[in-house]
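The block underneath contains the structure these notes are about, expressed in structure tokens.
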Amino acid sequence: MRLFINAKHIFFGTLLTAFVSAAAAFSTIAAGFTGSLDTVSDSQISGWAWNEDNAADSPEITITVANAAGETVQQLTSLADVHRCDLAIAGKGSGEYGFSVTPDWSALEDGVYTVRAYVGGNELPGTRQYVKGQAVPSNPRSLGVFKLTAYCPCSSCSEGWGRNTSTGAMAIANHTIAVDPRVIPYGSKILINGIVYTAEDKGGGVRGNHIDIFYNTHQEARALGVRYQEVFLVD
């Protein structure tokens, strides 16, 4: 009996060791990369990706451009092998982990497009949007630097309100923002990252220089994270 128990212990001990080793390997693969999608403009899409486990690696980046319906209309690839001084200064290995591609916006119809970047099968933070064909007003007035966050219709974001807003309007992506009406009056047109939003909601945690941007999905809202940047009032 003792021999049977010992063999049993050895078997399960070996199995547990193999499981832990596999889990550790998966964790390393999943957590090995850091980076972000930084810029989406008329001429380029750029960012960086660094393999912390292999500083000599130049990982391949996959970039997708999706239309308002969520359909991928362009897919591009690039190696993250461009030197960036800011990465080197920040202690990211040699700093040669930047990437940049040139999108063909001319091949797309006017509208709002969502740009994402992936490395090692994982999405990099910093999902961006590009607006084609929407004229940006020539007379925006700076309101200063605001804290930007995001929310969606889910219960954790909207506390049961869904797409309903405090003004009675239905929240729409690329249009609705929640504001502190003492700072930004309802109905104000606010220019953020090339998109003109309308202040038509008020969030429970939105106070002072803080804007909460409405997205269709929780994944998109989480991807924005928390940012601080200059916003503009469109007269």
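The values are calculated or read from the model by the stated rules, or taken from the named source; none is laboratory data. Here the structure is a predicted model, which is why all the values come from computation and not from measurement. Here the Cβ is made from the backbone with ideal geometry for all residues, glycine too, and neighbour counts use every protein chain on show. The accessibility values were calculated without ligands, DNA or RNA, using every heavy atom of the protein model including side chains. Shrake-Rupley method; radii C 1.70, N 1.55, O 1.52, S 1.80 Å.
Modelled label positions at residue 141 and residue 156, each set 7 Å beyond Cα in the direction of Cβ, lie 4.0 nm from each other. Once the 1.4 Å probe is applied to the protein heavy atoms, segment 24-117 comes out at 50 Å² accessible per residue. Annotation: extensible slack from residue 167 through residue 58 equals 34.3 nm (criterion: 0.36 nm per residue apart, minus Cα-Cα distance).
Distance from the alpha carbon centroid of segment 216-230 to that of segment 88-123 works out to 17 angstrom. Extension gain for the segment residue 105 to residue 218, taken as residue separation times 0.36 nm less the Cα-Cα distance, is 38.0 nm to one decimal. Count Lys and Arg as plus one, Asp and Glu as minus one, and take only other residues whose Cβ is under 10 Å from that of residue 126; the net charge is then +1. Our summary of shape: the Cα atoms of segment 25-132 have principal axis extents of 41, 31, 17 Å, ordered from largest down, in whole angstrom. On segment 33-158, 47 percent of the accessible area sits on carbon and sulfur atoms, based on a 1.4 Å probe.
Would you mind working out the accessible area per residue for segment 169-235, using a 1.4 Å probe, and quoting it in Å²? Computed with neighbouring chains in place, this is 46 Å² per residue. Between residue 182 and residue 73, the simple spin-label model (points 7 angstrom out along Cα→Cβ) gives 4.3 nm. Summarising the amide proton neighbourhood of residue 129: residues at separation of 5 or more, or on other chains, whose placed amide H is nearer than 5 Å comprise 115. Here the label points at residue 132 and residue 189, each 7 Å from Cα along the C-beta direction, are separated by 2.3 nm in the simple model.
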